[in-house]
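All remarks here apply to the structure that follows.
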Amino acid sequence: MIENVTTASTRPKTLRTTQQLRAANLISENEISAIDAVSAKYTVAIPESIVSLIDQNDPYDPIARQFVPNPAELKVTDDEAEDPIGDITHSPMPGLVHRYPDRVLLKPTLSCPIYCRYCFRRDRVGRSEGAPNRKELDAAIRYIEATLSIREVILTGGDPLSLSDKRLENILNRVCSIPHIQNIRIHTRFPIVVPKRVTDTLIKALKTKLPIWLVLHTNHPKELTPEVSEACAKLTNGGVPLLSQSVLLKGVNDDVEVLAELMRSLVRFKIKPYYLHHPDRAQGTAQFRISIETGKKLVKALRGHISGLCQPHYVIDIPGGHGKVLVNSAFRSADGNTWILENFEGRSHKYSD
């Protein structure tokens with residue numbers, strides 16, 4: 001596994017064990033054994049910068065709900081899967097997912113600064129198994145070099161900013177040297193959850209001959225602190241354009257006013273809202289899911305009440321790896337019990353709430 005590296009000055013103090021969570025009053029004494037079972041299966045990490053945002057007097061705090069482990073994660077429903085969007089199906093080699101003809105996901109690390117309890121890769125992130133070693137990463141880059149249809153490389157993981165600036169810069173330079181690659185995206189939570197990760201050396205690493213778009217994952221306006229604003233300003237002033245992606249989560253942001261505030265705040269931070277994801281059917285995440293009907297009503301309610309600049313694309317990944325589609329394009333089947341989703345290949349797939 002490629003080493004997960006940040007400098008001593010940017011490495012956050014992080015809660016990782018049940019004992020640390022209990023000491024911070026994030027879980028009760030009665031929950032310890034159940035949380036031990038959850039953390040044995042799914043990785044736990046909460047930086048102190050995020051702990052400080054949690055209102056311990058609010059049992060429904062949206063920050064705690066996203067990151068503090070819950071015994072409900074051990075409950076698996078029949079419609080949930082370990083690989084809900086088919087990464088494995090479309091992975092020709094370790095560290096690479098090739099789902100669409102013109103773009104690939106490159107996953108150089110499975111480490112994250114924080115582990116979301118709804119993550120669709122939750123059975124893999126934070127674990128050494130499955131992360132590419134250096135030879136495997138070299139093979140993945142050679143695959144990109146040899147596949148002329150690829151135009152875009154999306155660095156994801158894990159969180160690519162878990163890598164050292166030097167290691168990240170090396171990967172970016174190798175990708176940028178491939179003649180048919182036109183742009184790079186990096187999916188990250190770091191500027192939101194550990195804003196001090198944004199340093200001059202990081203911005204220097206992100207300055208390449210190809211356009212690099214940083215896509216920041218954030219779900220609630222409480223996450224957008226003054227420190228995050230400062231980090232985003234450093235990035236935009238350094239010439240790095242910012243997009244956002246959020247997940248529509250029950251009990252976190254399934255509210256028109258919360259969504260409107262989130263999207264307006266993003267634009268104020270010079271971040272263009274890009275994707276609003278319908279929650280994936282990862283194992284143990286039923287407590288976060290809403291119906292397509294509810295999601296469509298929420299997004300419809302935003303129209304006319306927030307600027308078009310603030311509007312994200314509301315999308316759903318078709319289970320099994322058939323690609324993303326706009327939720328607004330979904331329509332009910334004749335019996336009214338299922339939704340029909342048509343992917344980019346023109347193939348129809350049934351989806352039941």
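The sole residue among V153, V125, V175 that is in contact with a helix residue (DSSP H, G or I) (Cβ under 6 Å, 6 or more places away or on another chain), within 20 Å of P92 (Cα to Cα) and not charged (D, E, K, R) is V153.
Quick check, is R264 in a strand (DSSP E or B), farther than 25 Å from T14 by Cα and charged (D, E, K, R)? Spell out how you get there, then give the answer.
On the way: in a strand (DSSP E or B): no; farther than 25 Å from T14 by Cα: yes; charged (D, E, K, R): yes.
So R264 does not fit the description; no.
Take V315 and tell me if it is aliphatic (A, V, I, L, M) and over 18 Å from N328 (Cα atoms). No: the conditions fail for V315.
Against the numbered list (1) at pLDDT 95 or above; (2) within 23 Å of R124 (Cα to Cα); (3) assigned to a loop (DSSP other than H, G, I, E, B), K250 comes up short only at (2). Filtering segment 130-174 to residues that are under 22 Å from the mean Cα position of the chain (by Cα), in a helix (DSSP H, G or I) and among the β-branched types (V, I, T) leaves only I171.
Could you give me the residue pairs with C-beta distances under 9 Å whose first residue belongs to segment 50-67 and is under 15 Å from Q287 (Cα atoms), whose second residue is at pLDDT below 95 wherever it lies, and which are 6+ apart or on separate chains? Every condition considered, the pairs that remain are A64/Q56. Examine segment 4-14 for a residue that is at pLDDT 95 or above, of a type in the set (A, V, I, L, M) and surrounded by 14 or more Cβ atoms within 10 Å (Cβ to Cβ), and state whether such a residue exists. Scanning segment 4-14, I find no residue that is at pLDDT 95 or above, of a type in the set (A, V, I, L, M) and surrounded by 14 or more Cβ atoms within 10 Å (Cβ to Cβ), so the answer is no.
Screening the candidates T156, T201 for the property of being surrounded by fewer than 17 Cβ atoms within 10 Å (Cβ to Cβ), under 30 Å from L53 (Cα atoms) and modelled with pLDDT of 95 or more yields one hit, T201.
For every residue, the table says whether it meets (1) surrounded by fewer than 13 Cβ atoms within 10 Å (Cβ to Cβ); (2) in contact with a strand residue (DSSP E or B) (Cβ under 8 Å, 6 or more places away or on another chain); (3) assigned to a strand (DSSP E or B).
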position: Y314; (1), (2), (3): no, yes, yes
position: G320; (1), (2), (3): no, yes, no
position: V325; (1), (2), (3): no, yes, yes
position: A334; (1), (2), (3): yes, no, no
position: N337; (1), (2), (3): yes, no, no
position: E345; (1), (2), (3): yes, no, no
position: K350; (1), (2), (3): yes, yes, yes
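If a residue has to be under 16 Å from the mean Cα position of the chain (by Cα) and surrounded by fewer than 17 Cβ atoms within 10 Å (Cβ to Cβ) to count, how many in segment 241-261 make the cut? It would help to see each step written out before you state the result.
Pass one, segment 241-261, residues under 16 Å from the mean Cα position of the chain (by Cα): 242-249, 252-253.
This time we only want the ones that are surrounded by fewer than 17 Cβ atoms within 10 Å (Cβ to Cβ), so: none.
Adding up the residues that qualify gives 0.
The values are calculated or read from the model by the stated rules, or taken from the named source; none is laboratory data. These numbers come from a predicted model, not from an experiment. All Cβ positions, glycine included, derive from the backbone under ideal geometry; neighbour counts span all protein chains shown.
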